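The values are calculated or read from the model by the stated rules, or taken from the named source; none is laboratory data. Since we're looking at a predicted model, the values are computed, not measured. Here the Cβ positions follow ideal geometry from the backbone for every residue, glycine too, while neighbour counts run over all protein chains shown.
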Amino acid sequence: MEPRFWLQKWESRQTGFHQETVNEALKSCWSAVEVPAGGTVLAPLCGKSLDMRWLAEQGHAVVGVELSPVACRAFFKAIGRPPRVSGAGAFRTWNAEGYRILEGDFLNATPADIGAVSAFYDRAALVAMPPAMQTAYAGRLLSLLPSGATGLLICFEYPPDSMQGPPFSISESRLRELLGANARLRRLSSTRVRTRGTALEGRGLETLMETAYRVQVTG
């Protein structure tokens, strides 16, 4: 989706994709990712996710990348930490102890912008990308991570003809295609998500699986 699509979602508060609680797959699968103690975690398209606070509580520094200033502001308000905001290059930076969020387009991020990271966490970034943009996203993500870095990548799977994304359905075979030979992939969990009575049901979706993968960068 074009950046304006997501900016408008935040500005109009159409943020049904935001979870009010910490993601269960994150809590149950994170130990299998084997991130070094104190390692910094990259969170692409982070929104105002409370998953970042959970990661910080595990002893990690968090570097998020988020397009919307509305989301950046809301995150720091939610955790009760007034950020220091500064502008540099293609990104405006929001800083508070243990957290740094770069406000701007993730597809423009460079290793110099991100800094040194040990791992990544993607809950709703790749699935927000239409198929035509998924290759660019996956390539950018891998370019920001050192060889040996690990991460947790959460996807959705559903019959593609049952709903127009986002979120988009991404199978394990599609994920392997996107990551190519530059990463090892291992499925950690697969959980059926209830759609009855939700906006997803209203969009025609009856069946939804949330899948979690451990990814390790090899190249």
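Considering every residue within region 135-154, establish whether at least one is over 20 Å from residue 64 (Cβ atoms) and aliphatic (A, V, I, L, M). Scanning region 135-154, I find no residue that is over 20 Å from residue 64 (Cβ atoms) and aliphatic (A, V, I, L, M), so the answer is no. Here residue 9 meets the list (1) among the charged types (D, E, K, R); (2) buried (at least 17 other Cβ atoms within 10 Å of the Cβ); (3) at pLDDT 75 or above almost entirely, failing just condition (3).
If you go through region 23-44 and keep only what is aliphatic (A, V, I, L, M) and either at pLDDT 95 or above or not in a loop (DSSP other than H, G, I, E, B) (or both), you end up with 25, 26, 32, 33, 35, 41, 42, 43.
Residues satisfying the criterion are absent from region 138-146 (criterion: at positive phi and not aliphatic (A, V, I, L, M)).
Does any residue of region 56-67 turn out to be among the small types (Gly, Ala, Ser), in contact (Cβ under 8 Å) with a residue 60 or more places away in the chain and under 17 Å from residue 116 (Cα atoms)? Lay out the reasoning, then the answer.
Quick first cut of region 56-67, residues among the small types (Gly, Ala, Ser) only: 56, 59, 61, 64.
Cutting the leftovers down to in contact (Cβ under 8 Å) with a residue 60 or more places away in the chain gives us none.
The answer is no; no qualifying residue exists.
In region 141-156, how many residues are surrounded by fewer than 19 Cβ atoms within 10 Å (Cβ to Cβ) and either farther than 17 Å from residue 106 by Cβ or basic (Lys, Arg) (or both)? Matching residues across region 141-156 total 3.
Are any residues in region 186-214 under 17 Å from residue 23 (Cβ atoms), part of a loop (DSSP other than H, G, I, E, B) and aliphatic (A, V, I, L, M), and if so, which ones? If the condition is that a residue be under 17 Å from residue 23 (Cβ atoms), part of a loop (DSSP other than H, G, I, E, B) and aliphatic (A, V, I, L, M), then 193, 208 are the ones that fit. Of the set (1) part of a loop (DSSP other than H, G, I, E, B); (2) more than 21 Å from residue 33 (Cα to Cα), all apply to residue 133 but (1). For region 87-100, does any single residue satisfy the condition of being under 20 Å from residue 124 (Cα atoms) and modelled with pLDDT of 95 or more? Yes, region 87-100 has at least one match.
In region 18-50, the residue that is surrounded by the fewest Cβ atoms within 10 Å (Cβ to Cβ) out of those that are at positive phi and in contact (Cβ under 8 Å) with a residue 24 or more places away in the chain is 34.
Note on region 182-198: among residues that are within 21 Å of residue 129 (Cα to Cα) and of a type in the set (A, V, I, L, M), the one that is modelled with the lowest pLDDT is 193.
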